[in-house]
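Beneath this line is the structure, given in structure tokens, with notes to follow.
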Amino acid sequence: MDRLVEWCQQNPSAHLQLFSDSTQGAKEEGRHKEQAHQTKNTYYVQLAQAIFAEDKNPEFCAYSKSAPATFSAVIC
């Protein structure tokens, strides 16, 4: 969880886009709505790599590097 929070703090624009930056929310906070510079899938891959790059489980670490596209979509 710490890596997720840290990544979101280091990437505020991506954080807003991944967790729904609405026009109304931006207006209420006195700022402009963030425009997408990349797709959400790209942000998901970056986020997964940040989370699993130093994971205690070497399989997760290796998999996040060898198959990053796996993390490009939400899995339900």
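Only the coordinates and a few stated rules stand behind these numbers; no lab work does. Bear in mind the structure is a predicted one, so any value in this text is a computation, not a measurement. Because the Cβ atoms are built from the backbone with ideal geometry, glycine has one as well, and the counts that use them run over all protein chains shown.
About its Cα centre, the chain has a charge dipole of approximately 200 debye under the convention of +1 per Lys or Arg Cβ and -1 per Asp or Glu Cβ, with nothing else charged. Net charge of the neighbourhood of L47, taken over other residues with C-beta under 11 Å away and scored Lys/Arg +1, Asp/Glu -1, is +1. Between S66 and A26, the simple spin-label model (points 7 angstrom out along Cα→Cβ) gives 4.1 nm.
In order along the range 31-39, the phi-based Karplus estimate (6.51 cos²θ - 1.76 cosθ + 1.60, θ = phi - 60°) of 3J(HN,Hα) comes to 9, 7, 5, 6, 8, 5, 9, 9, 6 Hz; Gly and Pro are listed as x.
Work out how much length Q35 to D2 would gain on full extension: take 0.36 nm times their residue separation and subtract the Cα-Cα distance, in nm to one decimal. Mind showing how you got there, number by number?
Working: separation 33, 0.36 × 33 = 11.88 nm, distance 2.61 nm.
The Q35-D2 span can extend by a further 9.3 nm.
Span-like helix criteria (full DSSP H runs; alpha carbon extent of at least 24 Å along the helix axis; mean Kyte-Doolittle hydropathy of at least 1.0) are satisfied in the chain by no helix. Only helical runs count toward this figure. For the chain, summing -39,500 (n - 2.57) over DSSP H runs of n ≥ 4 and dividing by all residues gives -16000 deg cm²/dmol at 222 nm.
For L18 and E59, a Förster radius of 22 Å and the Cβ-Cβ distance give a FRET efficiency of 0.30, rounded to the nearest 0.05.
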